[in-house]
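Q: Pasting a structure here, questions to come.
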Amino acid sequence: MLLENIALGKTMEIYVDRDGYRYRLVSKVEKTGVKKICLTAIMAGGRAFKFRPEDKIRLVYRSEDQMWEWLNVKAGLAKLDDEPVHYFEIVNKGQSFNRRQAYRVNIDADVEIGFYQVPGNRQRLSYVPLVKEEYEAFVDGNGVELEREEDDRSGKVFIEKRLRMVPMKEAEERKIRGFVHDISETGMGFYSNELLEIENSFYTRIPSDYGPLQARCSIVRVDDHPKGNRRFRYYYGCIYEESDQKLIRYIYDVQRRQIQKQRDRREFEASVREIRRERNK
């Protein structure tokens, strides 16, 4: 698929591998070109998200059940019509893949599903929501904020009203019981008796041979008539917002062992057939 064929306003997913974690970001298409696409600026804590040169970046576009990805993408911050945007430069055409065909590892284990919620609001969040707070800052003559009033040796200290992002005090942390059925490189499926909604997000720790695998997820599918587990009323399909790199390595390792096991079994069965043929001669 070509970038220029993606309509303006469509949603793009950005996966960033950094410092042992994988982050999932989401933004809207503002402008497309042959080798470049501009997305609405991705904000974090009131500031534009800053991509690093060493980041490993992958772009993903979903079209119904079909997904397209661009690997080894470079990103930066620019302006489009005087508004900030993030741009992404690609090297190759997008490759198609099906998320449902991703290799899945059965976990079948109880977990805690945690999230933050503001009383009276149905939205669940995997992070503590932030709000703007006004405060008095000590600054020097250049407007640089000081930790303490006496930090400025020139003796010229000014007080300015500034804004900062702080955790919302009203947000309550809740934990519910869940049962993880399986995980893949892109997401997980779990059961629960708690009714959650699409786009609700949460955090959890998934047990594995590699130790607990940390993940923050967003719900994309809800099934209120699940099959396979009568203990729970709901089944949820989720994609990762952020995941431990150990999770990806664990899935690859299990897949590798399973492939080797299947290969050994085929070789064993072939040997048995050969022995039987020799006996029947």
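Q: Do any cysteines in the chain lack another Cys Cβ under 4.7 Å, and if so which?
A: By the Cβ distance rule, which asks for a partner under 4.7 Å, the isolated cysteines are CYS38.
Q: With unit charges on the beta carbons (Lys and Arg positive, Asp and Glu negative) and the dipole taken about the Cα centre of the chain, which residue among ALA270, SER63, ILE176 sits farthest to the positive side?
A: The residue sitting most towards the positive pole is ALA270.
Q: Using the Kirkwood radius over Cα pairs, work out the Stokes-Einstein diffusion coefficient for the chain at 37 °C and 0.692 mPa s, in µm²/s as a whole number.
A: Working: Rh = 22.4 Å.
Answer from the Stokes-Einstein relation: 146 µm²/s.
Q: Build a GNM of the chain with springs between Cα atoms under 10 Å: which of SER243, SER63, SER271 gets the top mean-square fluctuation?
A: Result for the chain, Cα springs under 10 Å: SER271 fluctuates most.
Q: Going through the cross-link list LYS28/LYS175; LYS36/LYS56; LYS10/LYS175; LYS56/LYS261; LYS35/LYS246, which pairs have a Cα-Cα distance over 22 Å in this structure?
A: Result: LYS28/LYS175; LYS10/LYS175; LYS56/LYS261; LYS35/LYS246 exceed 22 Å.
Q: How big is the charge dipole of segment 149-281 about its Cα centre, in debye rounded to the nearest 20, if each Lys and Arg gets +1 on its Cβ and each Asp and Glu gets -1 on its Cβ?
A: Details: 29 positive and 25 negative charges, 238 e Å.
Using Cβ point charges on Lys, Arg, Asp and Glu, segment 149-281 gives about 1140 debye.
Q: Looking only at segment 15-38, which residues have a backbone nitrogen under 17 Å from a spot 7 Å from the Cα of ARG58 in the C-beta direction?
A: 15-27
Q: Additional query: Could you give the length gained by full extension between LEU8 and PHE158, i.e. 0.36 nm per residue of separation minus their alpha carbon distance, to one decimal place?
A: 49.4 nm
Q: Counting Lys and Arg as +1 and Asp and Glu as -1, each charge on the Cβ, what is the dipole of the chain about the Cα centre in debye, to the nearest 20?
A: For this selection, approximately 1840 debye.
Q: Hey, another quick one. Take the chain, connect every pair of alpha-carbon atoms lying under 10 Å apart with a spring to form a Gaussian network, then pick out the residue of GLU30, GLU185, GLU160 with the largest mean-square fluctuation.
A: Top of the fluctuation ranking is GLU160.
Q: Moving to a separate point now. Using alpha carbons only, how many angstrom separate the centre of segment 19-74 from the centre of segment 162-183?
A: If we compute the Cα centre of each part, the gap is 24 Å.
Q: Helix-only mean residue ellipticity at 222 nm, the chain, DSSP H runs n ≥ 4 weighted -39,500 (n - 2.57), per residue, nearest 500. What is it? Display every interim value, and only then the final one.
A: Numbers: 1 runs with 36 residues, N = 281.
Counting only the DSSP helices, I get -4500 deg cm²/dmol.
Q: Sticking with this one: Where nothing but the Cβ of Lys and Arg (+1) and of Asp and Glu (-1) is charged, how large is the charge dipole of segment 3-100 around its Cα centre, in debye to the nearest 20?
A: 220
Q: Please give the helix 245-280 orientation as an angle from the longest Cα principal axis of the chain, in degrees from 0 to 90, rounded to the nearest 10.
A: Approximately 10 degrees, to the nearest 10.
Q: May I ask you to list the lysines whose Cα is less than 22 Å away from that of LYS161, ignoring any residue fewer than eight positions away on the same chain?
A: In chain and number order, the partners are LYS132, LYS169.
Q: Turning to a different aspect of this structure: Modelling each spin label as a point 7 Å along the Cα-to-Cβ direction, I'd like the GLU173/ASP140 distance in nm, to one decimal.
A: 3.8
Q: Shifting gears a bit: Positive end of the charge dipole of the chain (Lys, Arg +1 and Asp, Glu -1 on Cβ, about the Cα centre): tell me which of PHE49, VAL157, PRO167 has its Cα farthest that way.
A: The Cα lying farthest towards the positive end belongs to PHE49.
Q: Springs between alpha-carbon pairs under 10 angstrom, Gaussian network model over the chain: which of GLY211, GLY228, GLY178 fluctuates most?
A: GLY228
Read-outs throughout are calculated quantities, based only on the coordinates presented, and are distinct from any laboratory measurement. Quick caveat: nothing in here was measured; it's all calculated off a predicted structure. No Cβ is skipped: glycine too gets one built from the backbone with ideal geometry, and neighbour counts run over all protein chains shown.
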